[in-house]
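Visitor: Before I ask anything, let me first share the structure, which is written out below as structure tokens.
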Amino acid sequence: MDDRELLETIRDLIGRDETADDCAASEFEEGKLIQVATTDMLHETTDFPKGMTKWEMGWMSVAVSLSDVASCGAQPTQVLVAVGLDRPERLRPIMEGAVACAKRYGAKIVGGDIDSHTELTIVTTALGLVPREFYRRRSGAKVGDRVCCTGAPGAAQAGLDGFTEYRKNLVTPEPQVFEGQKIARAGATAMMDVSDGIAVSLYDMGEASGVGFVLYDELPTLAISDAEKYFLYGGGDFGLLFTISRENLARLDVPASVIGEVVEGSGVVRGGRTVENRGYAHVWE
């Protein structure tokens, strides 16, 4: 069982709409402003690649949550950090990295918690704000829209697999906070981050929007072996996947690749073949 299957077992308790996105949303100023909130948990043995510095662990922990905020088109404002420490001397360098990441994207760490733990565990909660008209979710993709992505999908996985030129993509990911705001304002119809991989993210977006996707034969892959596999299925990247009408595509002022189109139906197809629904997942045996 993976995390998506496990989520299905509790969606009746929380609500299907409430569990459809990485961020929760609340209305303010009579609905004119949306506050988004998200939380993430990272463990040393399963989430932090070997060789990472404590500073990089702190940066990555905050970046993970800021990426979710970015996918809503929102500006992150505040971050809470809870650290379960196996050794107390690790706290300061972790928090130095966390503070640096939050500051880089215009947010502030405002609190959290410290506890003892047998395994280093970091939980981050990020809040952000966005005007209602620019708030974006995974749902909203429309037939005929173009499918686009930012960043270099597959780079983090390549870094994990030993391609040293992509190590930075793995250990100090850059959430697309400012790009997400511009994409939303250009008229994107749906948006999410691709931390679990392009293919599985497309399936998630397709389910939320009630549509399918056709990917182009030519994809902006890395210059490495098995490049298409990394592009489609590699996890750990924090680029944005979004859909936008052909007319609004010309309004984009951020670097992005057009990788396909939204079609009726369901699933993801490329070259007449179904793209496998897989990517990064937490798995329970």
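Visitor: Thr53 is checked against (1) buried (at least 17 other Cβ atoms within 10 Å of the Cβ); (2) within 24 Å of Leu91 (Cβ to Cβ) and fails just one. What number does that condition carry?
Guide: That leaves (1) as the condition not met.
Visitor: Across the range 155-185, which residue is nearest to the chain's Cα centre (by Cα) among those that are over 15 Å from Tyr135 (Cα atoms) and of a type in the set (Phe, Trp, Tyr)?
Guide: Once the filter is applied, the top-ranked residue is Tyr166.
Visitor: Follow-up question, since we're still on this one. Please go through (1) among the aliphatic types (A, V, I, L, M); (2) without any contact (Cβ under 8 Å) to a residue 60 or more places away in the chain; (3) more than 23 Å from Asp196 (Cα to Cα) for Leu33 and return the number of the only condition it doesn't satisfy.
Guide: Going through (1) among the aliphatic types (A, V, I, L, M); (2) without any contact (Cβ under 8 Å) to a residue 60 or more places away in the chain; (3) more than 23 Å from Asp196 (Cα to Cα) one by one, Leu33 breaks only (2).
Visitor: Within the range 246-285, work out how many residues are closer than 30 Å to Thr45 by Cβ and of a type in the set (A, V, I, L, M). Walk me through it before giving the result.
Guide: In the first step, residues of the range 246-285 are kept if they are closer than 30 Å to Thr45 by Cβ; the result is 276-285.
Of the ones still in play, those that are also of a type in the set (A, V, I, L, M) are 281, 283.
Qualifying residue count, the range 246-285: 2.
Visitor: Here is a list of conditions, (1) under 12 Å from Cys149 (Cα atoms); (2) surrounded by fewer than 23 Cβ atoms within 10 Å (Cβ to Cβ), and Val275 meets all of them except one; can you say which number that is?
Guide: Unmet condition: (1).
Visitor: What are the residues in the range 89-105 that are crowded, with 21+ Cβ neighbours inside 10 Å and either among the small types (Gly, Ala, Ser) or outside any helix (DSSP H, G or I) (or both), if any?
Guide: Hits for the range 89-105 are Gly97, Ala98, Ala102, Tyr105.
Visitor: Related question: Take Ile34 and decide whether it is assigned by TED's automatic domain parsing to the domain that holds Gly84 and within 19 Å of Lys108 (Cα to Cα). Please lay out each step first, then the result.
Guide: Working: assigned by TED's automatic domain parsing to the domain that holds Gly84: yes; within 19 Å of Lys108 (Cα to Cα): yes.
Yes, satisfied.
Visitor: Is it the case that some residue within the range 216-224 is assigned to a helix (DSSP H, G or I), touching a helix residue (DSSP H, G or I) at 6+ places or on another chain (Cβ under 8 Å), modelled with pLDDT of 95 or more and of a type in the set (S, T, N, Q)? Walk me through how you get there before you give the answer.
Guide: Taking the range 216-224 and keeping what is assigned to a helix (DSSP H, G or I), we get none.
No, the range 216-224 has no match at all.
Visitor: Which helices (runs of 4 or more DSSP H) sit wholly inside the range 112-208 and have at least 2 residues that are closer than 23 Å to Asn248 by Cα and at pLDDT 95 or above?
Guide: Values: elements: 155-160, 167-171, 177-186.
Of the helices (runs of 4 or more DSSP H) lying wholly inside the range 112-208, those with at least 2 residues that are closer than 23 Å to Asn248 by Cα and at pLDDT 95 or above span 177-186.
Visitor: Quick one: count up the residues across the range 181-219 that are under 14 Å from Gly279 (Cβ atoms) and of a type in the set (S, T, N, Q).
Guide: Going through the range 181-219 one residue at a time, the tally reaches 2.
Visitor: May I ask you to list the residues in the range 1-21 that are in contact with a strand residue (DSSP E or B) (Cβ under 9 Å, 6 or more places away or on another chain) and part of a helix (DSSP H, G or I)? Step through it out loud before you land on a result.
Guide: Of the range 1-21, the ones in contact with a strand residue (DSSP E or B) (Cβ under 9 Å, 6 or more places away or on another chain) are 1-3, 18, 21.
Correct list: Asp3 only.
Visitor: May I pose another question? So the check is Cβ under 9 Å with 6+ separation or different chains; which pairs have a first residue in the range 100-117 that's farther than 22 Å from Arg87 by Cβ and a second one that's loosely packed, with under 14 Cβ neighbours inside 10 Å and not β-branched (Val, Ile, Thr)?
Guide: So the pair list comes out as Ala102/Lys108; Tyr105/Phe178; Gly106/Phe178.
Visitor: Follow-up question, since we're still on this one. Does Met41 satisfy the criteria of being among the aliphatic types (A, V, I, L, M), out of contact with any strand residue (DSSP E or B) (no Cβ under 6 Å at 6 or more places or on another chain) and not assigned by TED's automatic domain parsing to the domain that holds Leu160? Break it down into steps so the answer makes sense when it comes.
Guide: On the way: among the aliphatic types (A, V, I, L, M): yes; out of contact with any strand residue (DSSP E or B) (no Cβ under 6 Å at 6 or more places or on another chain): no; not assigned by TED's automatic domain parsing to the domain that holds Leu160: yes.
No.
Visitor: Quick one: in the range 246-270, which of the residues that are in contact with a Ser or Thr (Cβ under 7 Å, 6 or more places away or on another chain) and of a type in the set (Gly, Ala, Ser) is nearest to Pro49 (Cα to Cα)?
Guide: Only one residue tops the list, namely Ala256.
Visitor: How many residues are assigned to a helix (DSSP H, G or I) and either under 29 Å from Trp59 (Cα atoms) or not assigned by TED's automatic domain parsing to the domain that holds Met191 (or both) when one looks only at the range 233-264? Before you say what the answer is, go through the steps one by one.
Guide: Keep residues of the range 233-264 that are assigned to a helix (DSSP H, G or I), which gives 233, 246-249.
Now narrow it down to the ones that are either under 29 Å from Trp59 (Cα atoms) or not assigned by TED's automatic domain parsing to the domain that holds Met191 (or both): 233.
Summing the residues that are assigned to a helix (DSSP H, G or I) and either under 29 Å from Trp59 (Cα atoms) or not assigned by TED's automatic domain parsing to the domain that holds Met191 (or both) in the range 233-264 gives 1.
The values are calculated or read from the model by the stated rules, or taken from the named source; none is laboratory data. Only a predicted model underlies this, so the values are computations on that prediction, with no experimental measurement involved. All Cβ positions, even for glycine, are placed from backbone atoms using ideal geometry, and neighbour counts span all protein chains on display.
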